[in-house]
Amino acid sequence: MAARLKLRSYASHILSSTDEADDALQDTFVRLWQSSREATPGSLSVILRNLCIDRLRHRRFGSSEPVPEQHYESESRYMARESLEQVMDFIDNRLSRQNARVFKMYVIEQLDYAEISRRCDISVEAARAIVSRTRKLLRKRFYDN
């Protein structure tokens with residue numbers, strides 16, 4: 001019951017209408033019932049958010065045709081993108097500029113330690129230490145609970 005109230009509040013916030021929020025919430029439960037997915041708070045909020053966005057599009061463009069479901073971002077893709085954004089935000093805002101740069105060079109650009117040390121004017125050992133410390137920080141922040 002508490003989850004339903006939170007979801008209703010979430011939909012009301014997006015749609016600025018409690019009546020439309022109730023309709024969207026009902027559609028969320030119908031969609032979940034029709035699918036083979038297991039209900040989790042995350043899956044419900046993703047479905048509800050997508051249905052609310054769909055309703056806003058209908059309002060804006062005056063369409064009575066529903067948007068095909070393939071336009072919705074898959075739940076696992078949405079969660080992965082959201083997790084990646086959190087990790088990148090952590091790297092950019094919690095690490096020193098040099099440590100963030102070294103870690104991004106290693107992980108994103110896939111440069112070896114020798115190239116990183118040359119570009120950043122640090123030793124190979126320092127580059128390895130930065131990457132290792134950053135990995136530990138990320139594990140502690142995002143994986144150890």
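The values are calculated or read from the model by the stated rules, or taken from the named source; none is laboratory data. The structure displayed is predicted, hence computed values, not measured ones. Methodologically, a virtual Cβ is constructed for each residue, glycine included, from the backbone with ideal geometry; neighbour enumeration extends over all protein chains shown.
If you go through region 72-128 and keep only what is more than 19 Å from residue 140 (Cβ to Cβ), among the hydroxyl-bearing types (Ser, Thr, Tyr) and modelled with pLDDT under 90, you end up with 72, 74, 76, 78.
Just name the residue that is nearest to residue 47 (Cα to Cα) out of those in region 78-136 that are among the β-branched types (Val, Ile, Thr) and assigned to a loop (DSSP other than H, G, I, E, B). Reasoning before the result, please.
Within region 78-136, the subset among the β-branched types (Val, Ile, Thr) is 87, 91, 102, 107-108, 116, 122, 124, 130-131, 134.
Now restrict to residues that are assigned to a loop (DSSP other than H, G, I, E, B): 108, 122.
Numbers: 108: 31, 122: 48 Å.
The qualifying residue nearest to residue 47 (Cα to Cα) is 108.
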